1. Round to a whole number: what % of the accessible area of the chain belongs to carbon and sulfur, probe 1.4 Å?
2. May I ask you to list the lysines whose Cα is less than 24 Å away from that of Lys84, ignoring any residue fewer than eight positions away on the same chain?
3. Calculate the length of the line joining the C-alpha centroid of the stretch 192-236 to that of the stretch 41-61, in whole Å.
4. Check every DSSP H run in the chain and write down those whose alpha carbon atoms cover 15 angstrom or more along the long axis and whose mean Kyte-Doolittle hydropathy is 1.6 or greater.
5. Hey, which lysines would be in cross-link range of Lys150, C-alpha to C-alpha under 29 Å, not counting anything within fewer than 8 residues on its own chain?
6. At 0.36 nm per residue, minus the direct Cα-Cα distance, what do Glu209 and Leu22 gain on full extension? Give it in nm, one decimal, please.
7. With point charges of +1 on the Cβ of Lys and Arg and -1 on the Cβ of Asp and Glu, referenced to the Cα centre of the chain, which listed residue (Ile247, Leu15, Phe193) lies farthest in the positive direction of the dipole?
8. Treating the beta-carbon of each Lys and Arg as +1 and of each Asp and Glu as -1, no other charges, what is the dipole magnitude of the stretch 91-186 about its Cα centre, to the nearest 20 debye?
Amino acid sequence: MIEVLKLAACLPFLLYSSYLDLKTRRVPNRVWKLMLLSLSGFLIYEIMEGGISFLFQLIFSFISSFFLAYLLFRIRVFGGADAKALIVIGTLVPIYPVLEFDGYTFPLLGFPPAGLFSLTVLENSFLLTAIVPLGIFCYNVLHFTPDMLKKPFYMLFAYRINIKDLRGLLEKGRHIRLAERFELNNGKLNPFFAGRGINVNQNMISRLEVHEEQGLLDGTVWVTPGLPFMIPITAGFVLAAILGDLIYYFLTEVLTWFYVLAGK
């Protein structure tokens, strides 16, 4: 019962952080501090009930989540708020919750072998996020221009936009990032892949407009939508509790299918 209450108590914080991430792409630190403080009573109770065994699992989950989140943050896979969310989840839910309700055992797909709830949340989040490149690619196909073939990989995460339209989008509150950074060398503007992208602001747009006037840019740039990763993290949290590790389940099913085919 306590696991159900703890998971339910986590949801309002995750939903609120998803809302902030969607609207501003910023989640203040006080959200995670308040989440830890508000739910610390659950941890104290579980430590008293589970003793040293639970404490060791708590320490292991925290360390694993911390290093995983730090690594992903350093290689710019996701932002600081996403990393903090993963660490907080790993701290508050160190043991994978197995729930019983109305004759059903959750997670419905079974208990994942790793047993780390935060890892399953992350895997589910990545799986959900994988839908985004498909949508962007379809958009690029519908708005295809021959110059896209110069950088076909970009079609999975970015799209072309006119520089003259950037100010209007910024004023409307659209969250977009440049997919490339530009360096001027010997009178030539050289583009370089910018990882998670570069924030678009008024100064950035002014520089791009100058480059366009000088004939260094053709009037369009690759931009990538600033994706609010807290939304798939929250969805991954719910799916981890109800279904389980989706990636592990799909891989198991695929390997079983290949095994059956090989045996025929």
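1. 67
2. Those lysines meeting the cut-off are Lys6, Lys23, Lys33.
3. Here the two parts' Cα centres lie 45 Å apart.
4. 131-142, 230-242
5. Result set, ordered by chain and number: Lys164, Lys188.
6. Contour length minus Cα-Cα distance gives 64.5 nm.
7. Most positive-ward Cα: Phe193.
8. It works out to roughly 640 debye.
The values are calculated or read from the model by the stated rules, or taken from the named source; none is laboratory data. Being a predicted model, the structure only gives us computed values, none of them experimental. Cβ sites come from the backbone with ideal geometry, for glycine too, and all protein chains shown count toward neighbours. What goes into the accessible areas is simple: the full protein's heavy atoms, side chains included, and nothing from ligands, DNA or RNA. Shrake-Rupley method; radii C 1.70, N 1.55, O 1.52, S 1.80 Å.
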